[in-house]
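Quick note: the coordinates plus some simple rules give every number you see, no bench work behind them. Just so it is clear, the model here is predicted, and its values are computed rather than measured. Cβ placement follows ideal geometry from the backbone for every residue including glycine, while neighbour counts extend to all protein chains displayed.
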Amino acid sequence: MADQKNLSVVEKIKVASDALRGTLKESLQDELTGAVREMDHALVKFHGMYEQDDRDLREERAAQKLDKLYSFMIRLRIPGGFITPEQWITAHHVAGKYTTGVIKITTRQTIQLHGILKRHIKPTLKDFNIVGLDSIAACGDVNRNVIASSHPSISPLHAHIHGYAKKISEALLPKTRAFYEVWLDEEVLVDKKLEEDPLYQDRYLPRKFKVAIAIPPNNDVDVFANDVALIAIIENEKLLGFNVAIGGGLGATHGNPATYPRLATVIGFVPEEKLIETVYQIATVQRDNGNRSDRKLSRLKYTVDNMGVDVFKAELEKRLGFLLEPAKPYVFTERRDHFGWEQSQDGKWHYTIFVENGRVTDDEKLALKTALLKIAETGKANFRFTTNQNLTLGDIAKKDRAAVEAILNEFNIIEHTEKAGGMRRNAIACVAFNTCPLALAEAQRYLPTLISKIEPLLEKYSLQDDEISIRMTGCPNGCGRSTLAEIGFVGTAYGRYNLQLGGDRLGERLNKTYKENVDEQTILNELDGLFARYSANRNPGETFGDFTIREKLVSD
Ligand code: SRM
Ligand code: SF4
């Protein structure tokens, strides 16, 4: 058991929170401020939201002696990133009524809405509740949105395997009724026994806990970035079970060498009937052994490294009452979204749209939000979010394909998807400014512009069709998984980034810092030189990431 003495403030808040209720009801009634009370600030996360303020306006408001402009970001829990057209229609209208209007598809296959005023949280969550959506445990020290390979065409077993995202999400959902009482005005629970929680107890997990399911050969979910990475093992078109890997996580803190990104370590294989119990017990080992004093060191990856992989595994097997089998062979050959039309083995059609940095909105170039509403209103396509911030209009019957395609064409969505270059389509940027309180530099507002400046360099060396992965985050927390890119940018200060190289194209190798704290001009000069070397000296089929390792530009 980890040292439980110097508990962090958040640990004390959790235990004293009366199953995550805190003083949320009182906070909501306080009309003097747009914020919630300090204790509740930590608790709202467990209900799927963050209190934020507009960082673009901070200085101006401070000069006018005004309080910060508080608002909330709400993130939905959508295991496997699947919603119905009716649910999308609700998201569209809620976004229009209470938020900035932008629907943001996240790197964990769900959507978030920004800029919601305190008084609008309840109406927002009530609207979502009507269509069966909630934000429970989308944030906080609990199991987060479970992600799974997005593309149904990847395997005839996709639906079956994908279904485990929902099953795991439900098995690890907190039992408290607080969400329903506080936000949906349901009756206060009198018999507290009904919400006893053997998994989370009153202390929850030491930190966020993330689970992903990949279906080889596509590692579209970046499975190894997760606390628990599950790799479906299929033989002769039969699902045998899952390889289990533990201890992935990408966050680090500049200048704190005790923190680091880490890929999950494969520890064995379980047949599918033992999967949920295995994930559950990994969570209990982390619950009982994770660091509850220093939140920077409390993710499962540090618990695994502190205990040692073998000791962690032995403890897990003791709790499970069975041994994990040796891991089975698997191969990833790609890590990408399949843009455009694809047909799955059941005859259904799926169209994957390129959504730049996951921002669904209408702008002068593209009326994507309006187009998606029109498609949802036909009821002919489900909405499947990808972990690369894109969207698949899924499960379209053969007879309906033409109707969906007509709308896609009417709004130039097909042209937009097809015309985007290989680098742009596969790029990822996190939110960063203006809402993320941790951002040191821009990401989603800047990466598209930077790519426009990099594209001529790619053309100069005939690399425009090479899908070099490029990702940007506004700080080292890794929300856009920049440490798993062939070219990663990690924000250090406004307008400055660490340029990271050496990641592979499959998400199986972390990149390393190549140049520290560089500005745009230095980035472009560096890339110009690197692309020149790559185009002249690469081996046949060699990817940019592998080339930078072979050339020893960064260490392996
Ligand atoms: Fe993240 C914190 C946005 C995926 C690692 N992340 C944040 C916060 C909530 C900032 C905060 O703590 O106040 C950001 C909110 C910004 C905003 O205004 O919306 C934020 N993270 C995001 C999203 C929206 C990025 C995006 O543009 O898509 C992603 C939402 C995922 C979801 O739907 O649940 C998002 N975050 C990730 C990922 C990628 C993944 O999970 O595949 C990571 C790296 C993997 C990992 O967890 O290690 C990630 N986010 C972090 C961390 C570092 C955690 C750590 O233990 O190292 C933080 C900071 C923290 O928790 O203290 C963080
Ligand atoms: Fe914010 Fe940093 Fe995450 Fe980007 S990587 S969203 S800047 S916490």
Only Lys, Arg (+1) and Asp, Glu (-1) charged, at Cβ; the chain dipole about Cα centre in debye: 640
Neighbour-count ranking [beta-carbon atoms within 10 angstrom, fewest first] of MET39, MET49, MET73, MET472: MET39, MET73, MET49, MET472
Please list log₁₀ I(q)/I(0) at q = 0.14 Å⁻¹ for the stretch 245-396, using the Debye equation with identical point scatterers on the alpha-carbon positions. -0.92
For ASN219, residues with placed amide H under 5 Å, excluding near neighbours: THR333, GLU334, ARG335, ARG336
Tell me which of TYR164, ALA42, ILE136 sits at the most positive position along the dipole axis of the stretch 30-177, charges placed on C-beta atoms (Lys, Arg +1; Asp, Glu -1). TYR164
Give the dimensionless ratio obtained when the Cα radius of gyration of the stretch 149-199 is divided by 2.2 N^0.38 Å. 1.70
Efficiency of FRET from Cβ geometry, GLU364 and LEU7, R₀ 45 Å, rounded to 0.05: 0.30
Give the relative contact order (percent, whole number) for the stretch 357-467; include only Cα pairs under 8 Å separated by 6+ residues. 21
Square roots of five times the C-alpha gyration tensor eigenvalues of the stretch 94-163, ordered largest first and given in whole Å, equal 28, 14, 12
What percent do you get for the relative contact order of the stretch 44-126 when only Cα pairs under 8 Å and 6+ apart count? 28
Can you count the Lys pairs in the stretch 136-208 with C-alpha separation below 19 Å, eight or more apart or on different chains? 7
Relative contact order for the chain: what is it in percent, counting Cα pairs under 8 Å that are at least 6 residues apart? 13
Just to compare against my own numbers: the Cα pair-distance distribution for the stretch 178-291, 10 Å bins, whole % per bin, please. 12, 32, 28, 20, 7, 0
The stretch 1-81: percent of C-alpha pairs farther apart than 20 Å? 49
Which cross-chain or sequence-distant (5 or more) residues have an amide H under 5 Å from the amide H of LYS515, H modelled 1.01 Å from N in plane? LEU499
When each of LYS45/LYS512; LYS104/LYS126; LYS274/LYS328; LYS122/LYS365 is checked by Cα-Cα distance, pairs over 25 Å: LYS45/LYS512; LYS122/LYS365
As a check on your grasp of the helix formula, calculate [θ] at 222 nm for the chain: sum -39500 (n - 2.57) over DSSP H runs of n ≥ 4, divide by the residue count, round to the nearest 500. -9500 deg cm²/dmol
Computed over the Cα atoms of the stretch 368-446, the Rg and Dmax in Å are 15.5, 49
With the calculation restricted to Cα positions, what are the radius of gyration and Dmax of the chain in angstrom? 22.9, 72
How many percent of the alpha carbon pairs in the stretch 469-556 exceed a separation of 23 Å? 16
